[in-house]
Amino acid sequence: QLHLIQSGGGLAQAGDSLTLSCEADERSFSSVNMGWFRQAPGKDREFIGRITWNGANSYYAESVKGRFTVSRDNAKRMAYLQMNSLIPEDTAVYYCAAATRGQGGPYLYQYESWGQGTHVTVSS
């Protein structure tokens, strides 16, 4: 399993942008697909997006498509979630996750390693 450390997040106003970072502690990061999820207060954790090991392909949940972008830098063992045009409904704890045993996808069980989570609060 990978150990994932997240950073970024915090307070934002509607329309602002934020970038979340996720750092892995092992070189095997460069061979695993990465996902991003979020959990709003009182709700289940939901899928946001996924990026393949080489950064060639990514896909997103409809709720964030066109506003959020997942990227990665394998040389730095970093994954990123760029969030633009934030809305109050984006308020949640955000998690990065690594699919160390499979391809990853939109479901929680497809990921074996998780970051500690980072809070994002968007005010109107």
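The values are calculated or read from the model by the stated rules, or taken from the named source; none is laboratory data. No experiment lies behind these values; they were computed from the predicted model shown. Every residue, glycine among them, receives a Cβ derived from its backbone with ideal geometry; neighbour counts consider all protein chains shown. Ligands, DNA and RNA are stripped out before the accessible areas are found, and what is left, the full protein with its side chains, is counted by its heavy atoms. Shrake-Rupley method; radii C 1.70, N 1.55, O 1.52, S 1.80 Å.
So for the range 80-87 (the condition being more than 12 Å from the chain's Cα centre (by Cα), open to solvent by 60 Å² or more (accessible area, probe 1.4 Å) and modelled with pLDDT of 95 or more), does at least one residue qualify? Yes, the range 80-87 contains at least one residue that is more than 12 Å from the chain's Cα centre (by Cα), open to solvent by 60 Å² or more (accessible area, probe 1.4 Å) and modelled with pLDDT of 95 or more. Looking across the range 39-52 at every residue that is surrounded by fewer than 19 Cβ atoms within 10 Å (Cβ to Cβ) and not basic (Lys, Arg), the one that is nearest to residue 117 (Cα to Cα) is identified as 39.
Scanning the range 18-32 finds one or more residues that are touching a Cys at 6+ places or on another chain (Cβ under 8 Å) and crowded, with 21+ Cβ neighbours inside 10 Å. Just name the residue that is modelled with the highest pLDDT out of those in the range 1-17 that are out of contact with any Leu (no Cβ under 8 Å at 6 or more places or on another chain) and open to solvent by less than 60 Å² (accessible area, probe 1.4 Å). Ranking the candidates gives 4 first. Listed by position, the strands (runs of 3 or more DSSP E) enclosed by the range 1-119 that each have at least 1 residues that are free of Cβ contacts under 8 Å to residues at least 12 places away in the same chain are 58-60, 68-73. Here the range 18-29 is the region considered, the condition is being at pLDDT 95 or above and small (Gly, Ala, Ser), and the residue that is farthest from residue 94 (Cα to Cα) is 24. Filtered by the rule that a residue be within 14 Å of the chain's Cα centre (by Cα), within 17 Å of residue 2 (Cβ to Cβ) and modelled with pLDDT of 95 or more, the range 95-109 gives 95, 96, 97, 98, 99, 108.
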